[in-house]
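Quick note: the coordinates plus some simple rules give every number you see, no bench work behind them. Everything quoted here is computed from the prediction, not taken from an experiment. Here the Cβ is made from the backbone with ideal geometry for all residues, glycine too, and neighbour counts use every protein chain on show.
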């Protein structure tokens, strides 16, 4: 659609437990040129000059699944997986008629994911997140499993795991410290060649844990992180702090995580608003108007 002020494209804003995303529907054709996607994402995610969001999800057609999931962090970097994001994606493609309720198959950069989608007054999505990876598959230059990081006079015992993207997990007695400052030191540590997300977890019981997450690519604490919640339960179960079915309390809401041979995450997805984005007025992004 064109107006006197510029070219308009439709957007939808969604969130999973406060982890918020701008949805761009390219199922029927490309709206944002591939080479311009990083610039577009940085511009649209700006919380003053754009729509605001932790990331952008592009909905695309797939030849091997119901739809293809493309996720970009707010800094413009593309990520392999986003647990909260893929729940929003699945609700969206079911509501738009690209897939039906029940089992939904989604193409991602880490393979096809199968999800269960149902509505019982609110939308629920259960995601098979696959098997966790450890050691060099995090990736890390050495195995980070109980490695002590000394930061600002405090010692943090760090466990690294890949639950779709790399995560560092630290169990703490409380959150009374500079979470963002400490997380950034770990996120950029040389042992993680591609960086890492950082999670701090406070255990209430074997089946309940509080989690706060600093996300790589957002470069700040977010209200919730699906892959991070999965990482916490994987590590917690492995070292004996948590059971195999855990309620994870994030600042944005609750996720239910089950860990057996594979990881299953269940949570909601909220569709907050939709409208038209004026590309000409989007600061930091120049769209070819021809």
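What the table below lists for this structure:
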read-out: Relative frequency of Cα-Cα separations exceeding 19 Å in segment 208-290, percent; value: 53
read-out: Within the chain, helix-based [θ] at 222 nm, where runs of 4 or more DSSP H residues each add -39,500 (n - 2.57), nearest 500; value: -4500 deg cm²/dmol
read-out: Sequence-separation-based contact order of the chain, relative, with Cα cut under 8 Å and 6+ spacing, percent; value: 22
read-out: For segment 189-252: rounded, prolate or oblate by the Cα gyration tensor [a/c cutoff 1.5]; value: oblate
read-out: Kirkwood hydrodynamic radius (C-alpha pairs) into Stokes-Einstein, segment 13-141, 37 °C and 0.692 mPa s, D in µm²/s; value: 216
read-out: Principal axis box of segment 146-193, alpha-carbon based, largest edge first, Å; value: 29, 21, 19
read-out: Kirkwood hydrodynamic radius over Cα pairs of segment 135-260, then Stokes diffusion coefficient at 20 °C and 1.002 mPa s, in µm²/s; value: 152
read-out: Per-pair calculated FRET efficiency, R0 = 41 Å: residue 245 and residue 30 via Cβ, rounded to 0.05; value: 0.50
read-out: Cα long-axis angle, helix 226-238 against the chain (0 to 90 degrees, to the nearest 10); value: 20
read-out: FRET E, pair residue 176, residue 205, Förster distance 22 Å, beta-carbon r, rounded to 0.05; value: 0.60
read-out: Length added when fully stretched, residue 110-residue 261, from 0.36 nm per residue minus Cα-Cα; value: 52.6 nm
read-out: For segment 155-224: span of alpha carbons on each principal axis (Å, largest first); value: 34, 25, 24
read-out: q = 0.17 Å⁻¹: log10 I(q)/I(0) that the Debye formula gives for the chain, counting C-alpha atoms only; value: -1.37
read-out: Helix 83-95 axis, angle to the chain major axis (alpha carbon atoms, nearest 10°); value: 40
